[in-house]
Amino acid sequence: MAEAEVGDDQYGEDPTINRLEERIALLLGKEAALFVPSGTMANQIGLKLLTHPGDEVVLGEESHIVWHEAGAGAANSGVQFAVVGEGGLFAEADFRAAYKPPGHMVYPPTALVAIENTHNRGGGIVFPQADAAAICAAARALGVKSYLDGARLWNAAIAGGKSLSELARPFDLVSVALSKGLGCPVGSVVAGKGDDIARAQRVRRMFGGAMRQAGILAAAGVYALDHNLERLAEDHANARLIAETLAGVKGVRLDLATVQTNIIIFRMAEGAPDAASVVARARERGVLVSAFGPRIGRAVTHLDVGREECRRAAPLLAAAIKG
């Protein structure tokens, strides 16, 4: 990062930014790409580009766009959400049931369907590619755009043995994050057709995301693509190790079938400590986890914690739950 060659990205003159954007566009099989500061901004650019105020967006249960973006979809783009499916997953039939045609005097028109892969609050579950392709095909036939919140698409590719371009192919617009499993300090990238990305540059400016010599940030992304992709499988194995320990703890509800990548969502039954208590007790033992609800906890593995650290963390977290 310190040695990155830089220029003014707002004029397209930062060679490191340009190299990163070109490389990710190629990986995703899209015409062009745009570097943005965060995954939330990437999602908000997607909504702004593919909808109009008053439109409806169909997406899965507990999606990041709805739960973790401070109401930005309503504030920035004036859209409302129709939530379908369960655990972050849904099928073509769910989308068709929720679809509302344009021109109705009462209903808001369905303008966009959005899929999150992997799904954060679903426990890092991988969205089935056959369902994604069927949903996008149905959407296209109905004149509805499709967006992939692929913040953790790298994890989905490694877990499912599919290429990034295959996972991205059905969608009009795709985003990926550099600051999750790839370990970068900052950044996401939005990719799609050339004219959409040209319009996205203006939206990025509107949202305050245009930067000058941002190549120092893009250099981390270039490094991560070279060094940190294949090793994501280690994070998945480490998450499984922790999950198998937690699943055996009395009072914990954890479906091991959802632990497909690097996220573990665990729920405390009645009679067990609440999530805030578990987080505090775990911190005292040197293990950092998050509360995702009053009785929901989340643990995430990543490149800064190795196998031995996860092997030590698992029983410590279990002890925090047991009290």
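The values are calculated or read from the model by the stated rules, or taken from the named source; none is laboratory data. Model, not experiment: these values are computed from the prediction. Glycine also receives a Cβ, built like all others from the backbone with ideal geometry; neighbour counts cover every protein chain displayed.
Worth pointing out:
- Any hit, the range 146-161, residues being outside any helix (DSSP H, G or I) and either of a type in the set (Asp, Glu) or farther than 27 Å from Ala25 by Cα (or both): yes
- Enumeration of residues in the range 51-79 that are touching a helix residue (DSSP H, G or I) at 6+ places or on another chain (Cβ under 8 Å), assigned to a helix (DSSP H, G or I) and in contact (Cβ under 8 Å) with a residue 40 or more places away in the chain: His64, Ile65, Asn76
- Of the residues making up the range 205-258, those that are within 28 Å of Ala320 (Cβ to Cβ), of a type in the set (Gly, Ala, Ser), over 22 Å from the mean Cα position of the chain (by Cα) and not in a loop (DSSP other than H, G, I, E, B) number 0.
- Test: residue in the range 134-143 that is over 22 Å from Leu225 (Cα atoms), touching a strand residue (DSSP E or B) at 6+ places or on another chain (Cβ under 8 Å) and surrounded by fewer than 17 Cβ atoms within 10 Å (Cβ to Cβ): yes
- Residue in the range 181-200 that is under 22 Å from Ala75 (Cα atoms), of a type in the set (D, E, K, R) and modelled with pLDDT of 95 or more present: yes
- For Pro170, the criteria (1) in contact (Cβ under 8 Å) with a residue 24 or more places away in the chain; (2) surrounded by fewer than 24 Cβ atoms within 10 Å (Cβ to Cβ); (3) in a helix (DSSP H, G or I) hold in every case but one, which is (3).
- Residue under evaluation Cys310, criteria (1) over 20 Å from the mean Cα position of the chain (by Cα); (2) surrounded by fewer than 20 Cβ atoms within 10 Å (Cβ to Cβ); (3) touching a residue at least 24 places away in the same chain (Cβ under 8 Å), criterion not met: (2)
- Qualifying positions in the range 250-265 - farther than 23 Å from Pro128 by Cβ and surrounded by 18 or more Cβ atoms within 10 Å (Cβ to Cβ): Val252
- Residue check for Thr261: of a type in the set (Ser, Thr, Tyr) and not in a loop (DSSP other than H, G, I, E, B): no
- Cβ-Cβ contacts under 8 Å between residues 6 or more apart (or on different chains), taken from a first residue in the range 191-202 that is more than 15 Å from Tyr147 (Cα to Cα) to a second residue that is of a type in the set (A, V, I, L, M, F, W, C), are listed as Gly194/Ala32; Ala198/Ala32; Arg199/Leu49; Gln201/Leu34; Gln201/Ala210.
- Taken together, the residues in the range 1-10 that are surrounded by fewer than 17 Cβ atoms within 10 Å (Cβ to Cβ), at pLDDT 95 or above and of a type outside the set (Asp, Glu) amount to 2.
- Residue tally, condition more than 20 Å from the chain's Cα centre (by Cα), surrounded by fewer than 24 Cβ atoms within 10 Å (Cβ to Cβ) and part of a helix (DSSP H, G or I), over the range 14-50: 4
- Some residue of the range 267-278 being of a type outside the set (S, T, N, Q), assigned to a helix (DSSP H, G or I) and touching a residue at least 40 places away in the same chain (Cβ under 8 Å): yes
- Selected residue (only one of Gly286, Gly323 is surrounded by fewer than 13 Cβ atoms within 10 Å (Cβ to Cβ) and either modelled with pLDDT under 95 or touching a Leu at 6+ places or on another chain (Cβ under 6 Å) (or both)): Gly323
- Any chance Asn238 is under 30 Å from Ala257 (Cβ atoms) and touching a helix residue (DSSP H, G or I) at 6+ places or on another chain (Cβ under 7 Å): yes
- Checked against the criterion of being of a type outside the set (Gly, Ala, Ser) and under 22 Å from Glu309 (Cα atoms), the range 268-278 has at least one qualifying residue.
- Residue in the range 198-207 that is surrounded by fewer than 22 Cβ atoms within 10 Å (Cβ to Cβ), in contact with an Asp or Glu (Cβ under 9 Å, 6 or more places away or on another chain), among the charged types (D, E, K, R) and assigned by TED's automatic domain parsing to the domain that holds Gly124 present: no
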